[in-house]
């Protein structure tokens, strides 16, 4: 029977299938970090269990690490205890850990692909909803809770119900100055924060095929913002080129064998999806959110919407509440909204290509005096690569801050936070109330829009600077 | 996990859509390494800033059933959202639709998450607002919600229901199939990445 990519990867990992029960799925890679793992390790210890496959488990410190003074002990004692707990747990159970200061440390969803550990056709889980990022390689990757983290540590499997599949086809060519981030923000606004609920989304079409691996990761990363636990893209030459030669990628004869196997990982032509959505990339423009969930977005050229224009009563109340929280008036042009802070980073847009896009616009320009701009690379490798290219100098010369790797202001668990009432343009993934700091107001944007906004001080498209890109 | 059969309690109506897990418990509370004691973080921003927030109203302070709107528990995978609800005293959450990971976390931890159509949610809201003192009865044995003179049936995944009724631990269930896991591992291609 014809199958979709998601079904093929799923079916090849079923350890046990029984009627009226969820499938028992084998997990090829379990990524862990300090925030969602301590209670899982405690659970193992109290039940007298151990980690079944430490060799399929990788740990990093990312969510609450500071991005300044990383050679000093963490000042926040609660954060320090959490980091120390991860270190003790990894030592006790023999799990490889990339701690703060390590050359391979970084955001969990940035380091695994860059090491070549994330590979097509694998099943990957992590106690983090943005695990969907790894689907860019044709892996089936999804976020889990701490009870499930404990389950995977103990058994290397997970009981899970076979999801439905949705095809999101994005054809056409992206206009200049428009990137993967605008694409996914536009999609989420179109289908809503619950539109992908219960589905694994497969992104396909010419605009997806034209994306680099970095762009594909940005798209898959935000699948969860549309309610889908996983997003996937069939692997192709772009994927293989990215992986070849990376530390954990196969080499020699094993590489040839792997590529031959990866080429089979695509939805059959006659495969049937449970739902289909289409988007035309050529009609897209820079996109920005105005509300407090990622589905409340609009083209940057538009105005703040009027809640009364929403036909669904739930959407109307939600929009009213969002505008009050965001301190925005219906009808205000989004380009007139001024910001205090610009954040470039996160597992959505903290990779080298993202930093290049932002640096290209800042080269020879200055961050507006009213704006604080934070550039936080997704990993220490990304940081080193950026410094090799001189991007750090571009950011510093423009007046931005250049930091060390971590999740940083995406969720404000470390000191990088918005003050109450402060407004940001952020390349991260969530504009929820208080997400970047209590009372903070977030507009989600692409790296190019973030950089243009930093220069002008108000939400701006790259074209406003007279720039090509 | 404690078995769940029938629960009677006060229902708190939460009339807002898209309640993400950052609202249920903000990230600042996630630095703790314990599994209990998260009740202070539950809806902390709304409890602090909105005098008329449902849990600030004396009649709902002892509520143990949360009746929410569409897309409850979206966003972050933090299981702390489930722990905070349970630590506060909630045993059941009812909504038209949940975030997938939240619902999974809830059902694995013993917080009964029930999806019912919005029209049923609206009826329960009206009941909870007009008769806050009358309890709502959630019967997982009979798949029924009972309040006043009304009886409403609800659907729930049969496997999740069985586990909740029996109070079974997932890991223990999976360990019964250890031989199948070992067999699967023997057949895995050797080229797959190994982290050493």
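The values are calculated or read from the model by the stated rules, or taken from the named source; none is laboratory data. No experiment lies behind these values; they were computed from the predicted model shown. Cβ sites come from the backbone with ideal geometry, for glycine too, and all protein chains shown count toward neighbours.
Condition check: surrounded by fewer than 16 Cβ atoms within 10 Å (Cβ to Cβ), without any contact (Cβ under 8 Å) to a residue 60 or more places away in the chain and in a loop (DSSP other than H, G, I, E, B). Does residue A:311 satisfy that? Judged against the criteria, residue A:311 is a match. Within region A:196-212, the only residue that satisfies the criterion of being surrounded by fewer than 20 Cβ atoms within 10 Å (Cβ to Cβ) and closer than 20 Å to residue A:143 by Cα is A:198. Checked against (1) assigned to a loop (DSSP other than H, G, I, E, B); (2) surrounded by fewer than 21 Cβ atoms within 10 Å (Cβ to Cβ); (3) over 24 Å from the mean Cα position of the chain (by Cα), residue A:88 meets all criteria but (1).
Scanning region B:79-98 for residues that are facing another protein chain (nearest Cβ under 7 Å) and either crowded, with 24+ Cβ neighbours inside 10 Å or touching a helix residue (DSSP H, G or I) at 6+ places or on another chain (Cβ under 6 Å) (or both) gives a single hit, B:79. Only one of the listed residues (A:106, A:145) is modelled with pLDDT of 95 or more, more than 27 Å from residue A:209 (Cβ to Cβ), away from every other protein chain (no Cβ under 11 Å) and surrounded by 22 or more Cβ atoms within 10 Å (Cβ to Cβ). That residue is A:106. For region A:345-389, a residue qualifies if it is in a loop (DSSP other than H, G, I, E, B) and more than 21 Å from residue A:110 (Cβ to Cβ), and the qualifying residues are A:363, A:364, A:365, A:366, A:367, A:368, A:369, A:370, A:371. One residue stands out in region A:267-279 among those that are assigned to a loop (DSSP other than H, G, I, E, B) and surrounded by 19 or more Cβ atoms within 10 Å (Cβ to Cβ): the one that is farthest from the other protein chains (Cβ to nearest Cβ), namely A:267.
Report whether or not residue A:49 is within 11 Å of chain B (Cβ to nearest Cβ), modelled with pLDDT of 95 or more, surrounded by fewer than 20 Cβ atoms within 10 Å (Cβ to Cβ) and in a loop (DSSP other than H, G, I, E, B). Criteria met by residue A:49.
Take residue A:229 and decide whether it is on the phi < 0 side of the Ramachandran plot and modelled with pLDDT under 95.
Working: on the phi < 0 side of the Ramachandran plot: yes; modelled with pLDDT under 95: yes.
Against the criterion (on the phi < 0 side of the Ramachandran plot and modelled with pLDDT under 95), residue A:229 qualifies.
Being surrounded by 14 or more Cβ atoms within 10 Å (Cβ to Cβ) and assigned to a strand (DSSP E or B) is the filter; apply it to region B:143-156 and report the residue that is farthest from the other protein chains (Cβ to nearest Cβ). Restricting to residues being surrounded by 14 or more Cβ atoms within 10 Å (Cβ to Cβ) and assigned to a strand (DSSP E or B), the top hit is B:146.
Residue check: residue A:47 meets all listed conditions (1) closer than 29 Å to residue B:30 by Cβ; (2) under 28 Å from the mean Cα position of the chain (by Cα) but one, namely (2).
Within this structure, residue B:32 passes the test of being within 14 Å of another protein chain (Cβ to nearest Cβ), within 30 Å of residue B:173 (Cα to Cα) and without any contact (Cβ under 8 Å) to a residue 60 or more places away in the chain. Taking the conditions exactly as written (in a helix (DSSP H, G or I), over 30 Å from residue B:45 (Cβ atoms), touching a residue at least 60 places away in the same chain (Cβ under 8 Å) and under 25 Å from the mean Cα position of the chain (by Cα)), does residue A:282 satisfy them or not? Here the answer is yes, as residue A:282 does meet what is asked.
Within the span defined as region B:117-139, every residue fails to be more than 10 Å from chain A (Cβ to nearest Cβ), under 18 Å from the mean Cα position of the chain (by Cα) and within 29 Å of residue A:149 (Cα to Cα).
Among the residues of region B:157-192, those that are touching a strand residue (DSSP E or B) at 6+ places or on another chain (Cβ under 7 Å) and either surrounded by fewer than 16 Cβ atoms within 10 Å (Cβ to Cβ) or at the interface with chain A (Cβ under 7 Å from one of its Cβ atoms) (or both) comprise B:170, B:174, B:177, B:180, B:181, B:184. When region A:5-31 is limited to residues that are under 23 Å from the mean Cα position of the chain (by Cα) and within 11 Å of another protein chain (Cβ to nearest Cβ), the one that is farthest from residue A:145 (Cα to Cα) turns out to be A:28.
The set of residues in region B:83-141 being under 23 Å from residue A:159 (Cα atoms) and in a strand (DSSP E or B) consists of B:92, B:93, B:98, B:112, B:113, B:114, B:115.
Of all the numbered requirements in (1) assigned to a loop (DSSP other than H, G, I, E, B); (2) surrounded by 21 or more Cβ atoms within 10 Å (Cβ to Cβ), residue A:176 misses one, and that requirement is (2).
Counting only residues that are farther than 23 Å from residue A:68 by Cβ and assigned to a strand (DSSP E or B), region A:100-133 holds 4 of them.
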